[in-house]
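The block underneath contains the structure these notes are about, expressed in structure tokens.
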Amino acid sequence: QVQLVESGGGLVQAGGSLRLSCTASGNIFDIKDMGWYRQAPGKQRELVGTITSGGSTNYADSVKGRFTMSRDNAKKTVSLQMNGLKPEDTAVYYCTATMMSLSGDLLREFDVWGQGTQVTVSS
């Protein structure tokens, strides 16, 4: 009923830029914090950054100064602008969000994950 869908992944050369988008859909009452994670082959999932409903952001040291998150609450969308990409940024990128949903008379809080989108940075 509630889902996140990422888009915008692809192949880019080192030093290039890429913009990922994540759109929420379903019976959503409210979207709270959102964030991006990534997972490289054979590696553990890594937090890229988070953004609150008010727009406050936090970034991993590895991407700080290169990546920028933004959100459009009306469109229920969060974006990740990635500049100065490096080969070590290659990973599957996942969008996540904490949502409040209303089903009938029941209000519930959910942590939702997208399906992931592949980002490959060549040297």
(request) State, as an integer percentage, the relative contact order of the stretch 1-67 based on alpha-carbon contacts under 8 Å between residues 6 or more apart. (result) 22 percent
(message) As a test question: what accessible area, to the nearest 10 Å², does Phe29 have when a 1.4 Å probe is rolled over all protein chains in place?
(response) 130 Å²
(message) 7 Å from Cα along Cα→Cβ at both Ala74 and Gln39: what's the point-to-point distance in nm?
(response) 3.6 nm
(request) Have a look at the DSSP beta bridges in the chain and tell me what percent are antiparallel, nearest 5. (result) 90 percent
(request) May I have the convex hull volume per residue, in Å³, for the Cα set of the stretch 5-58? (result) 123 Å³
(message) Suppose all protein chains stay in the model; what accessible area per residue would a 1.4 Å probe give for the chain, in Å²?
(response) 54 Å²
(request) Determine how large the accessible area of Arg38 is when every protein chain is in place; take a 1.4 Å probe and give Å² rounded to the nearest 10. (result) 20 Å²
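How large a share of the accessible area of the chain, in percent, is made up of carbon and sulfur atoms when the probe is 1.4 Å and the other protein chains stay in place? Let's see the in-between values first.
Details: 3110 of 6630 Å².
That fraction is 47 percent.
Per the Cauchy relation, a quarter of the hull surface: what is the mean projected area of the convex hull of the alpha carbons in the chain, in nm²? The partial results should precede the final answer.
On the way: hull surface 29.6 nm².
With the hull built on Cα positions only, its mean projection is 7.4 nm².
Work out, step by step, the length gained on full extension between Thr120 and Asp105: first 0.36 nm times the residue separation, then minus their alpha carbon distance; give nm to one decimal.
On the way: separation 15, 0.36 × 15 = 5.40 nm, distance 4.41 nm.
1.0 nm is the gain from fully extending Thr120 to Asp105.
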(request) Using a cut-off of 9 Å between beta-carbons, work out the net charge of the residues near Ser53 (Lys and Arg +1, Asp and Glu -1, Ser53 not included). (result) 0
(request) Pop a pseudo-label 7 angstrom from the Cα along the beta-carbon direction at both Gln81 and Phe29 and give the gap in nm to one decimal. (result) 3.4 nm
(message) Given contacts defined as C-alpha pairs under 8 Å and at least six residues apart, what's the relative contact order of the chain, whole-number percent?
(response) 36 percent
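At a Förster radius of 25 Å, what calculated FRET efficiency corresponds to the Cβ-Cβ distance of Asp61 and Gln1, to the nearest 0.05?
After rounding, the FRET efficiency stands at 0.10.
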(request) Please report how far the C-alpha centroid of the stretch 33-51 lies from that of the stretch 83-105, rounded to the nearest whole angstrom. (result) 8 Å
(request) Can you send over the solvent-accessible area of Asp61, 1.4 Å probe, protein chains only, in Å² to the nearest 10? (result) 130 Å²
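The values are calculated or read from the model by the stated rules, or taken from the named source; none is laboratory data. No experiment lies behind these values; they were computed from the predicted model shown. We place every Cβ from the backbone using ideal geometry, glycine too, and count neighbours over all the protein chains shown. Keep in mind that these areas ignore ligands, DNA and RNA; they rest on the heavy atoms of the full protein, side chains included. Shrake-Rupley method; radii C 1.70, N 1.55, O 1.52, S 1.80 Å.
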